[in-house]
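Written out below as structure tokens is the structure these notes cover.
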Amino acid sequence: GDSVTQMEGPVTLSEEAFLTINCTYTATGYPSLFWYVQYPGEGLQLLLKATKADDKGSNKGFEATYRKETTSFHLEKGSVQVSDSAVYFCALSAGNQGGKLIFGQGTELSVKP
Amino acid sequence: GAVVSQHPSRVICKSGTSVKIECRSLDFQATTMFWYRQFPKKSLMLMATSNEGSKATYEQGVEKDKFLINHASLTLSTLTVTSAHPEDSSFYICRVSSGIDEQFFGPGTRLTVL
């Protein structure tokens, strides 16, 4: 079945460091790909998305490119801030699954000043 | 954008009691709502898909008699944890979908069973 695999956390970085969180997926067909963020004590929020191969999603300085050849959707940010500390979830939605979202295990990011 | 609310946000109950969690879509009508369970430092596990006016579709391994789902209207779905036990303690989250690319999550309900 469809699945999403993320790099394990926690990831600890200093402020202004470069961030990469790896995400790979397995899916039949052509899924849409998402990154969600969950700040401490809050619900999940959509960070960015890409709906087809080679699309780049971007928001708040974060970027991820839908790579069909490597089945990846890695999240990157050039300069992280303390306020980016959160848990990040990669997810996919296959069009033939009635809107189901399948999540990776989540990666906790901690940014130190 | 759409706002999804959950009630209660936090509940503590004794083992053996039943707990009802509500998920409301405040800005639009949702024919489909999804219920997830999130364990500490773990991913979200899809429990069931709630369809307005019909029976919910449960994921493999989820006990439908234990986790009762009722989607009585286009803006409300309820999850009832029946005869709760400590292992049911978790963070329960609903998601409302208005399409493949429009997904809105509720803030979650923290259930603690003593």
*What cysteines in the protein assembly as shown have no other cysteine with a beta carbon less than 4.7 Å from their beta carbon?*
B:CYS13
_Partner chain coverage, peptide A:99-109 - average Cβ within 10 angstrom_ = 5
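Can you compute the charge dipole magnitude of the range A:28-113 about its Cα centre, using +1 on each Lys and Arg Cβ and -1 on each Asp and Glu Cβ, nothing else charged? Give it in debye, rounded to the nearest 20.
Working: 9 positive and 8 negative charges, 27 e Å.
About 120 debye.
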*Starting from the exponent 0.38 and prefactor 2.2 Å, build the expected Rg for the range A:58-112 from its residue count and divide its actual Cα Rg by it.*
1.31
_Shielding by other protein chains, B:33-44, mean Cβ within 10 Å_ = 4
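Shape verdict for the range A:10-49, please, from the Cα gyration tensor: rounded (a/c under 1.5), prolate (a/b greater than b/c) or oblate. Write down the numbers at each step before the final one.
Working: a/c = 2.67, a/b = 1.52, b/c = 1.76.
Verdict is oblate for the range A:10-49.
Can you tell me the accessible area per residue over the protein assembly as shown, all protein chains present, probe 1.4 angstrom, in square angstrom?
48 Å²
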*Which of B:GLY16, B:GLY53, B:GLY61 moves the most in a Gaussian network model of chain B with Cα springs under 10 Å?*
B:GLY61
*Taking the alpha-carbon centroid of each part, what is the distance from the range A:30-59 to the range B:9-33 in angstrom?*
25 Å
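For B:LYS14, B:LYS55, B:LYS20, what's the largest-to-smallest order of accessible area, 1.4 Å probe? Walk me through the numbers on the way to the answer.
Details: B:LYS14 150, B:LYS55 180, B:LYS20 120 Å².
Accessible-area ranking of B:LYS14, B:LYS55, B:LYS20, largest first: B:LYS55, B:LYS14, B:LYS20.
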*Quick one: grab Rg to one decimal and Dmax as a whole number for chain A, Cα atoms only, in Å.*
13.5, 44
*Given the Cα atoms of the protein assembly as shown, and with Rh set as the inverse mean 1/r over their pairs in the Kirkwood sense, what is Rg to Rh to two decimals?*
0.97
*Determine, for each peptide in A:12-24, A:29-41, the mean count of other beta carbons within 10 angstrom over its residues, then list the peptides with the highest first.*
A:29-41, A:12-24
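Give, as a single signed number, the net charge of other residues whose beta carbon lies under 10 Å from the beta carbon of A:TYR66, with Lys and Arg counted +1 and Asp and Glu -1.
Numbers: positive: A:LYS49, A:LYS52, A:LYS56, A:ARG67, A:LYS68; negative: A:ASP54, A:ASP55.
Net of charged neighbours comes to +3.
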*Extent along principal axes [Cα atoms of the range B:30-114; Å; largest to smallest]*: 36, 26, 22
*Stretch A:GLU108-A:GLU76 to full length: gain in nm at 0.36 nm per residue minus the Cα-Cα span?*
10.1 nm
*asked:* Rounded to the nearest percent, how much of the accessible area of chain B (1.4 Å probe, protein heavy atoms only) is carbon and sulfur?
replied: 52 percent
*Where in the range B:52-74 is the amide nitrogen less than 13 Å from a point lying 7 Å along the Cα-to-Cβ axis of B:LYS20?*
B:68-73
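The values are calculated or read from the model by the stated rules, or taken from the named source; none is laboratory data. Quick caveat, the model's predicted, so the values are computed rather than measured. Note that we place each Cβ from the backbone using ideal geometry, even for glycine, and neighbour counts take in every protein chain shown. Ligands, DNA and RNA are stripped out before the accessible areas are found, and what is left, the full protein with its side chains, is counted by its heavy atoms. Shrake-Rupley method; radii C 1.70, N 1.55, O 1.52, S 1.80 Å.
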